[in-house]
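First the structure, in the form of structure tokens, and then the observations on it.
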Amino acid sequence: MALVGASGIAVAQERGSISGRVTDKRTGHALPFASIAVPAVQKGGLTDSEGNFVLSGLPVGTYDVKVQFLGYKPETRAGVVVAVGKSAVVHFALEDVVVRQEKVVEVSAERRLVEVKQGATIRSVSASEIRNLPVQTISEVLQQQAGVNTENDQIHVRGGRSDETVFVVNGVANRDLVTGQSTAGQLNARSVAEVNVATGAYDVRYGNALSGIVEVKLKQGGDAFSGGVTTSSGSYGGRAFQVVAGGPDPILRPLSRLVGLKLPGQLSSIVDVSGSLYDTRYYNLGGEPVGLFERVFEPGTRARLRSSYEDSFLGKKFRYGDFFTPSSDNRWAARYGLTWKPNTRDRVNLDYSKRIAIDQGFSRTFITAQGDQADPAYPWQWAHRIEHAGTIFEDNVQSALQWRRTLSTTGFFETQFSRYFSAQRRDVLAKNWLQYEEPDDLALPDPSQREDYFRDSGDDNVWQDRRSDIWGLQMSLVQRQRRHELEIGLEHQAQSVQYLTIEDPWVFDSNGLGSSHDLWKVHPWVGNLYLRDRLEYEGFTANIGMRLDYWFLGREAERAVADTSNPNISPETRQSFYDDTRGFFGRRYKSVISPRIIVAHPITENSSFFFNYGRFTQLPSYRYVYSKLSSISSEAFPLLGNPNLNPQVSVNYELGAKHQFLPTAAINATFFVKDVYDYPVATSFLREQGDTLVDIFVYLNGHFARSKGFEIELEKRRSNHWSGKLSYTFQQTKGKSSDPNEQKIVEQNGGDAAETRLSETFVRWNRPHKLSASFDMRFDQETPRLLAWMQQSGLNLFLQGQSGRPFTPINELGEPSAEPFSKNALFQTTVDMRFNRWFKLGTRRLDVSVAATNVFSNRLVYRVDRVTGHGRVWGVGEYDPEVFDVDENTFISEVLDPSNYGGGRQWRLSLDYDF
């Protein structure tokens, strides 16, 4: 099947200008040919014979304007606001000094290598840079950044947990409220205008995150029509397409005229449609892998995935048919964006996007009815009947209406009304849980199938549905007053969250919901108020802010706590709830205040020292709060949520320095410490009320963790046709535990939960060393004679090495011989590449590229032999039958599992056509 995708579109930006006159302060005479520069955008010019100047084409924003002239003191005017279509007037009167040579200001369209006024670690990747990388998704872009580790659907920033980073897409937070994680990392990288990754402190306008903020700005339509089409085909039956078109809106203005309306100003829009299909490396286990072009011309023979998930359009419900599931992993996305500029002061953006994914969760993290978080893996036990393993249907819908008004040359107001909806359904062959069949291999007529490891009858044991619906309102006001830039803002969200999970539905239960289940629906409110002052004085910049977050837990939680007959709420929990929450017109809420300080002190024009401190909070994932809120399950060790949980808190410190030592090269060094408190942890209690007085587990705030480390980056800007970056990250994360359910697991296995470890230990995602190197060479214009064959070509290489997965060593008795997760598997190295060549087709451009990941097909160990520290091999380490109690079933179930290792080399051939 041919697939298509989009090339880069020029992102429309509002423009303005800065004008003025430069004179001698003593005489009042004009100073011709004085140098004028706006360092933030590296744009500059000279005054004319009358001392006048005009710098046009500047993006809307607040800038510093610098003037230099031989024999005079340089002067910088801070806080000059550029508004849409207007010219900010700034006059300079320079004082004469002893004549000396001033440094020439280099004018370039590229971003500055050293942002001397930036007091935190923020890494930005633009659309033009992404176009050259061997990446397909935002997660792959993030993996190339220092301090970030991505694996499967999990993203760890500076040693934090995977749910501690928040994605903000076009101003809207994308977060599954049940698990705390986001799938925005799967967004098509070619749809992006810019990605900003904040791994240190971040501005008070951002919250509900402990480790980082990933801000994604999607492409917008421009003043002229443009677009692109991309098609690609790759290893393991991978194929993708994208179509993007943007420019003056062709629909809304004609429609408005039909109804007698005349819309003033400019209207532009963008349409972005994409699909990604992938058979995965598990498609034909033991047989020939799917070829590079095989799926383009020949559909797969396996049965299509089916889901019972129902969507709706204009009130009509429907299910997605076979067209959407030709592969093992299917992802589809569509987006429409509209921008209206009725005048020079106002801008209105309307944005709607929808993403769906249908797969079997080979790279997903699962949440069980017992509250456990399962490691992403191929369902090896169902390999003979993979269609009877669970199918995942995921739906994400985002819509937003934004209005921005420029109030003056020094301020603006912005408001946004948004909705974010996410849903995930897990079932088998679109069945209701009552239709599930219990596996019964012992009854099979074939003796070879009766007692082997694989499931040869029945269905998977989980049916699950979870949904989050978030309506949000954001407002902010920014005003510049001399050296201060003040911002005040607020946000309020009305949330609706429901969760249903059923395990072993064939087991009798009085409610017909199997051996274990959880069912709840809640409507909490959350929001924040913040105030920020950005002070600039003689080069020194301080960003000081205060943020108040509030959380109304919802009527359902209040009723459950007030019900004294509810066996899932203990008297102690009930009393603590009323002690720790406050009342507001009959609703119970919690609040927390977070101060933040971000300081940058330029040492020279090209170097600076920075420091930041911040207190950050994050609401616990709702499964820790509302689990078993009103449902009663029959499992042996029920795990209950706690509506009195407090938000998690982190205290972050960051200290760093940046220095541009060459016109095209700079170095950045950062040291960081992050302490996190009040992680939820399952704690055992004896139930004192209800019909079944068994041990229960309740989530309480109790765990903690500390991450510390440093990052060093060396970057070279493009010159002599090449650019590159070298980075090294060291980070170490220790905590009370990696698993909030550790005590529950101990007791289920016959141990005593009271004997769990009290000291700190390494966490299970601790991978201390990461070394990355990127190299990019392009010959778009001039080409050296010896490389004439590279004309209109480019090569991008990315090398990465990092510590292997952590593990707990064991001795010959199978007992731990060191601290948990204190050792790491062998250092793992990968090389990715992309080579492209482009051609002119009239006035258009056709780009042909070949990309490969893990070029040398290095073995990536996902599951570690706890004796050898290598991958699992039969007859070696803990799988040596002469030393350990392992047998043929162990060999099949643990050693032969194909998800023990990551994928090998994968190729992708792509065609990009820009129009």
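The values are calculated or read from the model by the stated rules, or taken from the named source; none is laboratory data. Because the structure is a prediction, the values reported are computed rather than measured. Glycine gets a Cβ as well: all are built from the backbone with ideal geometry, and neighbour counts include every protein chain shown. Remember, those area values only see protein heavy atoms, side chains included, never the ligands or the DNA or RNA. Shrake-Rupley method; radii C 1.70, N 1.55, O 1.52, S 1.80 Å.
See the values below:
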| read-out | value |
| --- | --- |
| Cα gyration tensor, the stretch 15-96 - rounded (a/c under 1.5), prolate or oblate | prolate |
| Surface share of carbon and sulfur [accessible, 1.4 angstrom probe, percent] for the stretch 122-224 | 47 |
| Dipole of the chain, positive end: most advanced residue of GLY234, LEU860, THR808 [Cβ charges, Cα centre] | GLY234 |
| Set of lysines near LYS734 by C-alpha distance (under 17 Å), chain-local residues within fewer than 8 positions excluded | LYS674, LYS708, LYS823 |
| Residue (of VAL625, SER576, ILE155) at the positive-pole extreme of the chain, dipole from beta-carbon charges | ILE155 |
| Calculated FRET value between LYS521 and ALA443, using beta carbons and R₀ = 45 Å, to 0.05 | 0.70 |
| Spatial extent of the chain: Rg and Dmax, with the Cα atoms as the point set, Å | 29.4, 106 |
| Acute angle (nearest 10 degrees) that the helix 571-580 long axis makes with the longest principal axis of the chain, alpha-carbon atoms | 10 |
| In order through the stretch 452-462: 3J(HN,Hα) via Karplus (6.51 cos²θ - 1.76 cosθ + 1.60), integer Hz, x for Gly, Pro | 7, 5, 7, 7, 10, 8, x, 10, 4, 9, 10 |
| Interchain or long-range residues, amide H under 5 Å from VAL507's placed H | SER515 |
| Assigned charges on the beta-carbon of Lys, Arg, Asp, Glu; the chain dipole about Cα centre (debye) | 4900 |
| Low-density loop cleavage sites - trypsin sites (Lys or Arg not before Pro) in the stretch 168-264, where at most 10 other Cβ are within 10 Å (DSSP) | LYS262 |
| For the stretch 74-89, Karplus couplings with θ = phi - 60° (6.51, -1.76, 1.60), whole Hz, Gly/Pro x | x, 10, 10, 9, 8, x, 7, 9, 9, 10, 4, x, 10, 10, 7, 9 |
| Cα-projected label distance for PHE891 with LYS317, points at 7 Å along beta-carbon direction, nm | 5.1 |
| Rounded to whole Hz, the Karplus (6.51, -1.76, 1.60) HN-Hα couplings of the stretch 380-386, x for glycine and proline | 4, 5, 9, 4, 6, 9, 4 |
| Mean Cα-pair separation over length for the stretch 15-96, i.e. relative contact order, pairs under 8 Å, 6 or more apart, % | 40 |
| Stretchable slack from ILE488 to LEU786, in nm (0.36 nm times residue separation minus alpha-carbon distance) | 101.5 nm |
| Check: the stretch 827-874 dipole with +1 on Lys, Arg Cβ and -1 on Asp, Glu Cβ, in debye | 180 |
| Filter on LYS86/LYS716; LYS117/LYS716; LYS317/LYS628 - keep pairs with C-alpha separation over 26 Å | LYS86/LYS716; LYS317/LYS628 |
| Qualifying GluC sites (Glu not before Pro) for the stretch 826-915 [loop in DSSP, other Cβ within 10 Å: at most 16] | GLU882 |
| Net dipole in debye of the stretch 15-96 [+1 Lys, Arg Cβ; -1 Asp, Glu Cβ; about Cα centre; nearest 20] | 240 |
| Charge-dipole axis of the chain as Lys and Arg at +1 and Asp and Glu at -1 on Cβ define it, positive-most pick from THR564, TRP471, PHE323 | TRP471 |
| For the chain: accessible area per residue (Å², 1.4 Å) | 44 |
| Mean separation of Cα contacts under 8 Å (6+ apart) over length of the chain, as relative contact order % | 10 |
| Estimated [θ] at 222 nm from DSSP helical runs (n ≥ 4, -39500 (n - 2.57)) normalised by residues in the chain, nearest 500 | -1500 deg cm²/dmol |
